[in-house]
Amino acid sequence: MAVAIEHQSQTVDTSPKGIQVSPGLRASGPVVVLLGLGFLAPLLTVAAYAFATPKSFDAFRSFTLANFAVIFDPANTVWTSFAWSIAYAVATVVLLAIIAYPIAYGLHRLFGKWAGFVSVLFVFPLFVSENVRLYGWVLFFIKNGVLDGALKALGFSGGPELLYTPGAILFGMLYVYLPFMLFPMTLGIAMVPKDLIDAARDLGAGRFMIWREVELPLAMPGILIGMLLTFVLGAGAIAESKILGGQSVITIAQDIEVAFTYAQNWPLGSALALILVVIVSGLALTVLSKLDLDRILGRR
Amino acid sequence: METRAQIRTRFAIRVWTAFVLLLVYLPILCGALAGLTKGRYFVFPVKVFSGEWWEKTLSSLEIQTLVHNSLLIAVIVTLVSVLFAFFGALAFARYEWKGRKLYQKIILLPIFFPQPVLGLALLLWFNALGINPSWMTAVIAHLVWIVPVVTLVIAIQVYGFDPTLEEAARDLGASRWFILREVTLPILWPGIWSGALFAFLLSWGNFPLSLYTAGVDSTIPKWLYSKMVAGYTPMVPALGTMSTLSAAALLLGGGLIGMLLRRRRAEA
Amino acid sequence: MTLAVTSSAIAAEPLASAVPQAKPVLQLVGVRKVFGEFAAVDGVNVDFKEGEFVSIVGPSGSGKTTLLRMLAGMEGPSEGYITLRGNLINDVPADKRPTCLVFQSLALFPHKTVGENIEFPLKVRKMPPAERKARALELMRMVRLPESYYGKNVMRCSGGEKQRVALARAFAYDPDVLFFDEPLSALDYKLKKALEKELKDLHRVSGKTFVYITHSLEEAMVMSDRVGVMSRGKLVQIGTPEEIYTKPANRFVAEFFGEVNSFEVRRGADGWKAADGKALVVSGLPEGVSDAATVIVRPETMRFVPTGAAVDNAIQGTIYNEYSLGSRMQYQVHAGERIYLVEAPRGGAVSAGDAVTIGWDAADAIVVGD
């Protein structure tokens, strides 16, 4: 690698102390320090609390599995929150893949000069906080809200009771996490060279065959990233159930929050958080380790 | 070479995209509508429109503090994250070094992480350090999530950067600082600009991190949430709409400036 | 598969009269392709005969790739007719045509092995896996790929091996006509030369019709039965390599082989004169040319004239520079304002700075109308 060697020699020239630090390592320094102090350290704190005496603040000073015993106690219903969160995450991933695929395909192949504008329209909601957008749906679905009021004005008996149901929570998740599926998917589809599709067609393949044999496998890295992102976000979702769900379903993130705030049981909250983190990070690391990020993000 | 089936598929994709976009913006429109009604409670169809809640929102001292906090956090987050992410992106995409593949994956972890849990974990950590949560700790929390995002945004630009340009500049006798100022920065500038826009807007709209890490200080999304849960007034949709509109204006303005500068450079 | 002629307009067109003596497998009549205002292909008529190897050469932007994409079915012509064995195929998409294109990029599927790539068209036809594998191995033998490559990741193959995989995959489709879009352009010189010969052998063995697009006339001459030259969307000339070299239809075709010495000449009262007034002996005028023409003298027909030797046209000059072409040398000769090129075998007695006489016989020059 000529570039690296070139820089190496530069480093030797300009570093009077003679310590060899590659420019890549040096450039990564600030980010690595930030993530060490702002990401790794908090997670270690959570891990420490998870093994502390229940309902105490004795992190680092006590070691007990009592918090996990509480969670895995069959008499405790906290596992239902886990089940709900994972179920919501899986449903979000599957439904969003179906919803976003045609749009991602259109962004890459059909919309031409409009593609940039359409992308911006899909990006923009990311900059509006999710509670504002979710509250808009409350105003839409609520009694005397937009849907109910419009139906009444048209002479119907009023809108269906959709708000504060488990379905409303899923709807909110689909709504909030759509861009996180759409954009990685579009990147993935953009990785499929047009020549390969032309070649497959030239060799006699029909549309379905081309999709199954060429487009889908080659777009898979991007699709996987989208699925991973939406799964993680869905598993840790809280605002959707609080704003659109009323108290119809308690998600795991809500349980964690309650333990940390009202219940003041930090060790229990940490134990719950630790289990969620292990599930999420385990999945993220497994998927990410299989992907070549240079190729996905466009290095030649 | 278009078959009828292809034309049908294309049409279906366009209709589907338009429909999803409509759904994306429908709640934002509902909020805008609710902020412009006269009464205390929202009733559709709206009988009387009024700007009364907008006026109340604009003149409220409490809300001025919120705006001040949100702006302060967003500005600091933008400056710091662009600086960190610029070098972070060079390490991500430009240099070949030993730990690069690992670094690329580590940097993604905060993005692939549920934000409410990250906020709570940071709360624990600040407590363990004996730091009282305030807007300053919220800045740290935002940075943990936004720096990786901005790094990716700039990295995409860095991938398109031909490293031989820097080598050519060095060969022509330029110093490291001169190369950075005259070659690297001008070429990566569009990515840095989009990264800055992303940083500001993501911080401006962030709710889950601010909720747990801003302590007694409140931001716009945090205040809105507290009022949604208890104590609705039409100031909630009014402020929400204002916040949305300012984000849109910033995105539009930032995009336009970027486009104009790029065009001027292309024409010169 | 039915490729019936569906358009009744065909009968009205002079299609029947365009049928040549030999049986054409693929026939183009008045084919045009317009993108906006720009005609990428502008009225091309050509017949490809059964089992023929035809190359289409032209500079980039001459429309040769667009022409090929129309033949392969990836674009439809804006005007004109494309027929395959007498059936109109204008609107038949690529997957329904018994033709196959070898892409410039080769378009090998990166996520499939060598074997899976070759078997792709067989899988499309739902051939049972065992038969597919047998056929793939047979094709690999044909293109001289070792059997051990069957399970190899195609992206780990070398440039030459990838070429062979792409060829085998195209043959697996068993097309009537194979199209090639400069597949050798990315290879180094030596490998390219070897593969050119192999491709020609493969053409002979398979007996299929090959249509080969390239910007290199040299490549086209080595392999083809006939060469077509395209310029600005038009097929300027088509003929055997011999015809293209010795009887170029115009200056463009003549210059496509490399730099030439050219003279714009006019017929005056006292014979032919060049633009600078010098009298020239000109012979072999093409049909329809009477008063003005361009005389083209290739560097290889321009020669040094020993003192006292007879030659139709002679020019005095000084050797300015010399270039080695391997077994031959090329000299740049300055004479007045003009620069001439002369090629001679290595080991001549001349060198830079020498005053020389150069010249050519009228019969060795090429005369074209424009």
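Results for (1) in a helix (DSSP H, G or I); (2) away from every other protein chain (no Cβ under 13 Å), shown as yes or no for each residue.
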| site | (1), (2) |
| --- | --- |
| A:T53 | no, yes |
| A:F63 | no, yes |
| A:A69 | yes, yes |
| A:A83 | yes, yes |
| A:A87 | yes, yes |
| A:I98 | yes, no |
| A:P102 | yes, no |
| A:H108 | yes, no |
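The condition of being farther than 27 Å from C:T246 by Cα and at pLDDT below 85 holds for only one of C:A362, C:A349, C:A355, that being C:A349.
So which residues in the range A:199-217 are part of a helix (DSSP H, G or I), within 8 Å of another protein chain (Cβ to nearest Cβ) and surrounded by fewer than 21 Cβ atoms within 10 Å (Cβ to Cβ)?
A:R207, A:M209, A:E213, A:P217
Scanning the range A:137-160 for residues that are in contact with a Leu (Cβ under 9 Å, 6 or more places away or on another chain) and part of a loop (DSSP other than H, G, I, E, B) yields a total of 7.
In this structure, is A:L163 hydrophobic (A, V, I, L, M, F, W, C), in a helix (DSSP H, G or I) and either within 10 Å of another protein chain (Cβ to nearest Cβ) or surrounded by 17 or more Cβ atoms within 10 Å (Cβ to Cβ) (or both)? Considered against the rule, which asks whether it is hydrophobic (A, V, I, L, M, F, W, C), in a helix (DSSP H, G or I) and either within 10 Å of another protein chain (Cβ to nearest Cβ) or surrounded by 17 or more Cβ atoms within 10 Å (Cβ to Cβ) (or both), A:L163 comes out as no. One residue is enough: does the range C:265-274 have a residue meeting the conditions loosely packed, with under 14 Cβ neighbours inside 10 Å and at pLDDT 85 or above? Checked against the condition, which is being loosely packed, with under 14 Cβ neighbours inside 10 Å and at pLDDT 85 or above, the range C:265-274 yields at least one hit. A:L272 passes every criterion in (1) surrounded by fewer than 24 Cβ atoms within 10 Å (Cβ to Cβ); (2) more than 7 Å from chain B (Cβ to nearest Cβ) apart from (1).
Please tell me if C:L106 is part of a loop (DSSP other than H, G, I, E, B), away from chain A (no Cβ under 14 Å) and touching a helix residue (DSSP H, G or I) at 6+ places or on another chain (Cβ under 6 Å). So C:L106 fails the test.
For the range A:218-238, enumerate the residues that are at the interface with another protein chain (Cβ under 7 Å from one of its Cβ atoms) and in a helix (DSSP H, G or I). Selection gives A:L218, A:L228, A:L229, A:V232, A:L233, A:A235. From the list C:L187, C:L178, C:L167, which one is more than 17 Å from C:V25 (Cβ to Cβ) and modelled with pLDDT of 90 or more? Being more than 17 Å from C:V25 (Cβ to Cβ) and modelled with pLDDT of 90 or more holds for just one of C:L187, C:L178, C:L167, which is C:L167.
Residue-wise test of (1) modelled with pLDDT of 85 or more; (2) touching a strand residue (DSSP E or B) at 6+ places or on another chain (Cβ under 8 Å); (3) among the hydrophobic types (A, V, I, L, M, F, W, C); (4) more than 21 Å from B:L22 (Cβ to Cβ).
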site: A:K113; (1), (2), (3), (4): yes, no, no, yes
site: A:L134; (1), (2), (3), (4): yes, no, yes, no
site: A:G159; (1), (2), (3), (4): no, no, no, no
site: A:L162; (1), (2), (3), (4): no, no, yes, no
site: A:T165; (1), (2), (3), (4): yes, no, no, yes
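When B:Q157 is tested against (1) surrounded by fewer than 16 Cβ atoms within 10 Å (Cβ to Cβ); (2) part of a helix (DSSP H, G or I), just one condition goes unmet, and that condition is (1). Return yes when A:T186 is of a type outside the set (G, A, S), more than 14 Å from chain C (Cβ to nearest Cβ) and touching a His at 6+ places or on another chain (Cβ under 9 Å) and no when it is not. Yes. Annotation note: of C:A275, C:A254, the sole residue that is over 19 Å from C:D364 (Cα atoms) and among the aliphatic types (A, V, I, L, M) is C:A275.
How about the range C:46-76: which of its residues are within 14 Å of another protein chain (Cβ to nearest Cβ) and touching an Asp or Glu at 6+ places or on another chain (Cβ under 9 Å)? Within the range C:46-76, C:T65, C:T66, C:L68, C:R69, C:A72, C:G73, C:M74, C:G76 qualify. The residues on offer are B:G240, B:G254, and the sole one that is within 9 Å of another protein chain (Cβ to nearest Cβ), small (G, A, S) and part of a helix (DSSP H, G or I) is B:G240.
If you scan the range C:114-134, which residues turn out to be more than 12 Å from every other protein chain (Cβ to nearest Cβ) and surrounded by fewer than 19 Cβ atoms within 10 Å (Cβ to Cβ)? Answer for the range C:114-134, where residues must be more than 12 Å from every other protein chain (Cβ to nearest Cβ) and surrounded by fewer than 19 Cβ atoms within 10 Å (Cβ to Cβ): C:P128, C:P129, C:A130, C:E131, C:K133, C:A134.
Here is a yes/no grid of residues against (1) touching a helix residue (DSSP H, G or I) at 6+ places or on another chain (Cβ under 9 Å); (2) not assigned by TED's automatic domain parsing to the domain that holds B:L165:
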{"position": "B:R8", "(1), (2)": "no, yes"}
{"position": "B:L21", "(1), (2)": "yes, yes"}
{"position": "B:P27", "(1), (2)": "yes, yes"}
{"position": "B:T57", "(1), (2)": "yes, no"}
{"position": "B:I63", "(1), (2)": "yes, no"}
{"position": "B:A74", "(1), (2)": "yes, no"}
{"position": "B:F87", "(1), (2)": "yes, no"}
{"position": "B:L108", "(1), (2)": "yes, no"}
{"position": "B:F112", "(1), (2)": "yes, no"}
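Taking helices (runs of 4 or more DSSP H) as the structural unit, those lying wholly within the range C:163-282 and holding at least 2 residues that are among the hydrophobic types (A, V, I, L, M, F, W, C) correspond to C:189-206, C:217-223, C:251-255.
For the criterion of being within 30 Å of B:M259 (Cβ to Cβ), touching a residue at least 24 places away in the same chain (Cβ under 8 Å) and among the β-branched types (V, I, T), A:I103 passes. Of the candidates B:A138, B:A85, the single residue that is more than 8 Å from chain A (Cβ to nearest Cβ) and either among the basic types (K, R) or under 20 Å from A:F127 (Cβ atoms) (or both) is B:A138. Among the candidates B:N132, B:N127, the residue that is surrounded by fewer than 21 Cβ atoms within 10 Å (Cβ to Cβ), more than 21 Å from the chain's Cα centre (by Cα) and more than 9 Å from chain A (Cβ to nearest Cβ) is uniquely B:N132.
The values are calculated or read from the model by the stated rules, or taken from the named source; none is laboratory data. Just so it is clear, the structure is predicted and the values come from calculations on it, not from any experiment. Neighbour counts are summed over all protein chains in view; Cβ atoms, including those assigned to glycine, are modelled from backbone coordinates with ideal geometry.
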